[in-house]
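Student: Sharing a structure below in structure tokens format, with a few things to ask.
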Amino acid sequence: MSIKTPKLTVVGAGPGDEELITLKAIKAIESADVILYDALINESLLNYASEDAELIFVGKRKGCYAFQQEQINELIVAKAKEKGHVVRLKGGDPFIFGRGAEEIDYVRQFGLETFVVPGISSSVAVPAYQGIPLTKRGASESFWVITGTTKQHKLSADVALAAKSTATVVILMGMGKLAEIVNIFSKEGKEDTAVAIIQNGTRDNENVGIGTINTIEKIVEEKQLANPAIIIIGDVVKERAVLSSIYSEVAKV
């Protein structure tokens with residue numbers, strides 16, 4: 001039996017819709033000896049794996065960890081040396097709050113070859129599916145993408161900086177900090193700024209709430225919105241009514 005070269009490919013699985021994945025990502029999944037996959041991926045993507053591939057769930061959700069990050073790092077190395085090609089399958093893009101760079105840094109110490117397949121980030125795809133352009137002339141010249149919860153489990157200080165700008169603000173993993181976010185934008189006099197919260201974006205069970213900084217907490221309660229969800233703040237949210245029919249038809253193709 002030939003000895004396989006131990007290697008890691010970090011793969012972005014996209015935002016949730018199983019068709020929003022690249023051809024390169026599918027080829028990586030097909031060639032994997034072991035796949036370590038996260039909670040937010042669409043598990044139908046695992047159907048591309050070889051019958052001989054070992055599939056290991058290593059997902060993390062708030063308050064529930066199948067593996068700690070240190071254990072995942074060690075498992076990648078162990079499985080690569082045992083079986084060869086390990087694919088680390090992550091939701092969205094692995095380099096946007098996906099800890100893909102950390103895993104690569106770790107395994108390189110052990111001589112593993114490393115590769116990255118970028119993914120379609122939920123930060124841009126989820127708003128697009130709802131007809132919300134993150135930038136549009138006359139509405140927004142730029143956008144921020146910010147994590148709602150830092151390593152210290154606190155709201156990122158960048159939210160306060162973003163609230164002072166005219167940019168569109170996209171906050172990932174921020175539902176647990178929504179009251180703080182609303183307070184920050186209110187202090188900047190942006191009570192009437194439009195807000196969209198999209199839960200399970202691009203999936204069949206997508207749930208959407210549209211309001212303003214003043215009203216969004218009530219809307220979240222009424223619509224029972226919860227993680228996984230994305231918060232979009234800015235005038236571009238008002239474009240949704242104009243574009244939603246166009247984007248819906250695109251999504252059906």
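Student: In whole percent, what relative contact order does the range 7-117 give with Cα contacts below 8 Å and a gap of six or more residues? Show your work: numbers first, answer last.
Tutor: Details: 200 pairs, mean separation 47.4, N = 111.
Rounded, it is 43 percent for the range 7-117.
Student: Could you tell me the relative contact order of the range 122-238? Use alpha-carbon pairs under 8 Å, at least six residues apart, and round to a whole percent.
Tutor: It rounds to 30 percent for the range 122-238.
Student: Still on this structure, please answer the following. Distance between Cα centroids, the range 69-142 to the range 1-39: provide it in whole Å.
Tutor: The two parts, judged by their Cα centres, are 11 Å apart.
Student: On to the next question. Arrange the residues ARG88, ARG137, ARG99 by how much accessible surface each exposes, largest first, with a 1.4 angstrom probe.
Tutor: Output order, biggest surface exposure first: ARG137, ARG99, ARG88.
Student: Distance check, please: which entries in LYS90/LYS164; LYS60/LYS190; LYS60/LYS81 exceed 28 angstrom between their Cα atoms?
Tutor: Beyond 28 Å: LYS90/LYS164; LYS60/LYS190.
Student: May I pose another question? Among bridges DSSP assigns within the chain, what percent are antiparallel (round to 5)?
Tutor: Beta bridges within the chain, antiparallel portion: roughly 45 percent.
Student: Quick one: pull the percent of accessible area on the chain belonging to carbon and sulfur, 1.4 Å probe, ligands and nucleic acids left out.
Tutor: Ligands and nucleic acids excluded, carbon and sulfur give 51 percent.
Student: Which ³J(HN,Hα) values, rounded to whole Hz and listed in residue order, are derived for the range 46-52 from phi using the Karplus coefficients 6.51, -1.76 and 1.60 in 6.51 cos²θ - 1.76 cosθ + 1.60 with θ = phi - 60°, glycine and proline given as x?
Tutor: Working through the residues one at a time gives 5, 5, 6, 6, 5, 4, 8 Hz.
Student: So if the hydrodynamic radius of the chain is defined as the Kirkwood radius over C-alpha pairs, what does Stokes-Einstein give as its diffusion coefficient at 37 °C and 0.692 mPa s, in µm² per second? Mind dumping the intermediate values first?
Tutor: Numbers: Rh = 19.2 Å.
Once the numbers are plugged in, D ends up at 171 µm²/s.
Student: List the lysines whose Cα lies under 17 Å from the Cα of LYS136, skipping any in the same chain that are fewer than 8 positions away.
Tutor: Leaving aside lysines fewer than 8 places away in the same chain, those within reach of LYS136 are LYS238.
Student: Let me ask something else. Where a Cα-Cα gap under 17 Å defines reach, which lysines qualify for LYS83, not counting those fewer than 8 residues away within the same chain?
Tutor: Filter leaves LYS4, LYS7.
The values are calculated or read from the model by the stated rules, or taken from the named source; none is laboratory data. Being a predicted model, the structure only gives us computed values, none of them experimental. What goes into the accessible areas is simple: the full protein's heavy atoms, side chains included, and nothing from ligands, DNA or RNA. Shrake-Rupley method; radii C 1.70, N 1.55, O 1.52, S 1.80 Å.
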